[in-house]
Amino acid sequence: MATQQTADDDSEVAVPQVSQRALTIGLCAIVVAIAFETIAVATAMPVAARDLDGLMYYAWAFSLFLIGMLFATVVCGRLSDRIGPAKPLIAGLVIFLAGLVVAGTAQHMSQLVAGRLVQGLGSGAMNVAIYVCVALAFRPRQRPKMFTYISTAWVLPSFVGPPASAWLTQHLSWHWVFFAVIPLAVFGGALASPSLIRMMRSYQPSDLDAQKPTPLWAAGLLALAVATLQLAGQQLDRVAVGLAIGGLAALLVALPPLMPPGFLRFHRGLSQVIQTRGLLSGAFFGGEAFVPLMLVEQRGIPLLQAGAVLTVGAIGWTAGSWLQARPWLRLRRDVLITLGCWSVAVGLALVGLIAFLPTLPYALVAVSWIFAGLGMGLAVSSSSLAAMSLSATAEQGRNASSLNVYDALGSGIFVGVAGTVFAALQPSGNLALTFGLVELSMAIVALLGVLTSLRIGVVRNEFARP
């Protein structure tokens, strides 16, 4: 399944001569490894923190992963445009493996937290490099199917990650939750390496002098801003207010250089693709964080069944990603993004309505969450493809990092907003009002995503006739 180094009718750039089959399987195996580690660690971390007597540092095991990921995302985007995605991907894989070893061998909580930081650095580097690999190694009509595979690779661990992590923790040790990921990551790297080496040799930067480089100080300031905001969220005194103000100020300074021109002025095109992606992810994950809690607290549903509702949403996500890659679905990419935002908004609004009406069967939550998952599958893949289509070859890495950074920030910010709404209403004891308004507030965020998506402009579907 090798491709020739010639331009097609559907592509203006040459495609390197690589084994696309091996590269596809290798990249997807790496994605599964990253996703499994992210999901499985959440299950094992309570046991690890108690074992290492480090419960007071529990939140930092997740915060530092995010901080490392954001910093590496920016740096790797810059490097991928200058030297190609292959070297950053291999370097990210090595760093990720090192982080797994550091965390897996931890005898103190400080070592475990440090390992999580290193894992975040490796994960952020690989996420951007994989995106750029798809942009360079596959023709436009092949990319939708590639994002279907990648989305499935992200979703698959949500089915097996928690039970596998629980089994490893109970029968072996929480250390094995980290060690178990190593063979899969090594397998993916070994399978992709021949193609990556060919890409190294054939990569030639284009228009590099015209490209405005991403300042590294902005990446560092962004990481510092996120760390400050995370610290503020763990304080319950006046110091937290000062930390929050300082963190937000640093975020406002760091963000513009990391985003496309006109981002804060809501210019049409790529800026609105990224704005929409942040709002969409924030709405979905902000609502998702409280769905199991709603079912457990309001309906008395066992945790296993409550978690199964999220699994149904994952199935919807996979279906949406599959649907956007069908050649017969020739709707424009901007239209698919808008439809995805509408679907997420409908799903969240229905869950909020069900929360207000506790006599309705809880199975309707699962049906509603299918709409939310379907919308994410449509819009996330389509926004990635739209950003890729709107980016010059020399800016694929930079714009991929912008998309991923704002995706992560949107998720973090709006999960925090949902938590604030919950904390404000929960003392009233009115669970219907509390959970209903949490979900409806996130539905409003999704509707804001609909509005920003309408300003993207026309982005042609890869399968549409020129």
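The values are calculated or read from the model by the stated rules, or taken from the named source; none is laboratory data. Keep in mind that what you see is a predicted model, and the values were worked out from it rather than measured. Please note: Cβ atoms are built from the backbone with ideal geometry, for glycine as well, and neighbour counts cover all protein chains shown. The accessibility values were calculated without ligands, DNA or RNA, using every heavy atom of the protein model including side chains. Shrake-Rupley method; radii C 1.70, N 1.55, O 1.52, S 1.80 Å.
Between Gly375, Gly340, the distinction of being in contact with a Cys (Cβ under 8 Å, 6 or more places away or on another chain) and either in a helix (DSSP H, G or I) or more than 16 Å from Ala283 (Cβ to Cβ) (or both) belongs to Gly375 only. Within the stretch 79-107, residues that are assigned to a helix (DSSP H, G or I) reach partners that are open to solvent by less than 70 Å² (accessible area, probe 1.4 Å) and among the hydroxyl-bearing types (Ser, Thr, Tyr) with beta carbons closer than 8 Å, at six or more positions or on different chains, in the pairs Ile83/Tyr203; Ala86/Tyr203; Pro88/Ser80; Ile90/Ser193; Gly92/Ser123; Phe96/Ser123.
For every residue, the table says whether it meets (1) at pLDDT below 80; (2) crowded, with 24+ Cβ neighbours inside 10 Å; (3) small (Gly, Ala, Ser).
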residue	(1), (2), (3)
Ala48	yes, no, yes
Leu55	yes, no, no
Tyr58	yes, no, no
Lys87	no, no, no
Val101	no, no, no
His108	no, no, no
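None of Leu353, Leu409, Leu374 is buried (at least 24 other Cβ atoms within 10 Å of the Cβ) and either touching a strand residue (DSSP E or B) at 6+ places or on another chain (Cβ under 7 Å) or touching a residue at least 24 places away in the same chain (Cβ under 8 Å) (or both) except Leu374.
Only one of Leu323, Leu331 is open to solvent by 10 Å² or more (accessible area, probe 1.4 Å) and part of a helix (DSSP H, G or I). Can you tell me which? Working first, answer last.
On the way: Leu331 fails: part of a helix (DSSP H, G or I).
From the options Leu323, Leu331, the qualifying one is Leu323.
Residues that are among the aliphatic types (A, V, I, L, M) and assigned to a loop (DSSP other than H, G, I, E, B) were ranked within the stretch 237-292; the one that is most open to solvent (accessible area, probe 1.4 Å) is Leu264.
Yes or no, residue by residue, for (1) in contact (Cβ under 8 Å) with a residue 60 or more places away in the chain; (2) in a helix (DSSP H, G or I); (3) charged (D, E, K, R); (4) open to solvent by less than 30 Å² (accessible area, probe 1.4 Å):
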{"site": "Ser158", "(1), (2), (3), (4)": "yes, yes, no, no"}
{"site": "Pro163", "(1), (2), (3), (4)": "no, yes, no, no"}
{"site": "Trp167", "(1), (2), (3), (4)": "no, yes, no, no"}
{"site": "Gln170", "(1), (2), (3), (4)": "no, yes, no, no"}
{"site": "Val177", "(1), (2), (3), (4)": "yes, yes, no, yes"}
{"site": "Pro183", "(1), (2), (3), (4)": "no, yes, no, no"}
{"site": "Gly188", "(1), (2), (3), (4)": "yes, yes, no, yes"}
{"site": "Leu191", "(1), (2), (3), (4)": "yes, yes, no, no"}
{"site": "Pro194", "(1), (2), (3), (4)": "yes, yes, no, no"}
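Looking only at residues of the stretch 417-466 that are touching a Gly at 6+ places or on another chain (Cβ under 7 Å) and of a type in the set (Gly, Ala, Ser), we find that the one that is nearest to Gln272 (Cα to Cα) is Gly457.
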